[in-house]
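Single-structure report; data block below.
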Amino acid sequence: MRHGNKINNLGRTASHRRALLANLGSQLIMHKRITTTLAKAKALRTYIEPLITKTKKNESKETIMHNHRIVFSYLNDKLAVKELFTVVAPKISSRPGGYTRIIKLGMRAGDNAELALIELVDFNEIYGKGISGKEAVEPAKKTRRSGGKKKTAAKAEETEQTETPESTEE
């Protein structure tokens, strides 16, 4: 029985699972979004979010170096750690949590596995425009097909009213 065992083993040994999540995490940091199976995406979220939180705690130089070393021990990729601390950390500094988003994509053709897109929330330009407040997005203009007749009728009445006083003067 698996009482209190909440981790998804993904059908792998501990070392294989650790290597898999380290590779997926470093690729997520480098590319900002990756496509994988839904089970791996959910496991990756619990793996990567505490690492992203560690980038925000930068009180002193010793703390910064310590957090770099901790994150490197999980990811084993110098470029990904550098990207995480220099590019990702400033963007997520104001966010209290929830740094990733999982979007279901459907089933894979070969083995019918459920696919998902996992991405860093602050690096998506489509969803982020209205939330960030940096760029004001104008709402789409609402048009009604039936409104055209009323406008033309109103314009016709205005033109008749303006033409009527001119004709009386002559």
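The values are calculated or read from the model by the stated rules, or taken from the named source; none is laboratory data. Not measured: the values here are computed from a predicted model. Note that each Cβ is placed from the backbone with ideal geometry, even for glycine, and that neighbours are counted across all protein chains shown.
Data for the structure
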read-out: Scope region 1-37; condition of a type in the set (Lys, Arg) and either loosely packed, with under 14 Cβ neighbours inside 10 Å or touching a Phe, Trp or Tyr at 6+ places or on another chain (Cβ under 7 Å) (or both); matching residues; value: ARG2, LYS6, ARG12, LYS32
read-out: Residue match in region 1-13 (condition: outside any loop (DSSP other than H, G, I, E, B) and of a type outside the set (Ser, Thr, Tyr)); value: no
read-out: Condition met for ALA136 (surrounded by fewer than 11 Cβ atoms within 10 Å (Cβ to Cβ), modelled with pLDDT of 65 or more and more than 15 Å from the chain's Cα centre (by Cα)); value: no
read-out: Test: residue in region 70-78 that is farther than 20 Å from GLN27 by Cβ and more than 15 Å from the chain's Cα centre (by Cα); value: no
read-out: Evaluation of LYS40 against (1) under 17 Å from the mean Cα position of the chain (by Cα); (2) surrounded by 14 or more Cβ atoms within 10 Å (Cβ to Cβ) (one fails), failing number; value: (1)
read-out: Exclusive hit being of a type in the set (Asp, Glu) and farther than 29 Å from ILE126 by Cβ, set GLU83, GLU62, GLU49; value: GLU62
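To keep it simple, each residue is scored yes or no on (1) exposed (fewer than 15 other Cβ atoms within 10 Å of the Cβ); (2) at pLDDT below 95; (3) in contact with a helix residue (DSSP H, G or I) (Cβ under 7 Å, 6 or more places away or on another chain).
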site	(1), (2), (3)
THR55	no, yes, yes
LYS61	yes, yes, no
PHE72	no, no, yes
LEU75	no, no, yes
ALA80	no, no, yes
VAL88	no, yes, yes
SER94	yes, yes, no
GLY110	yes, yes, no
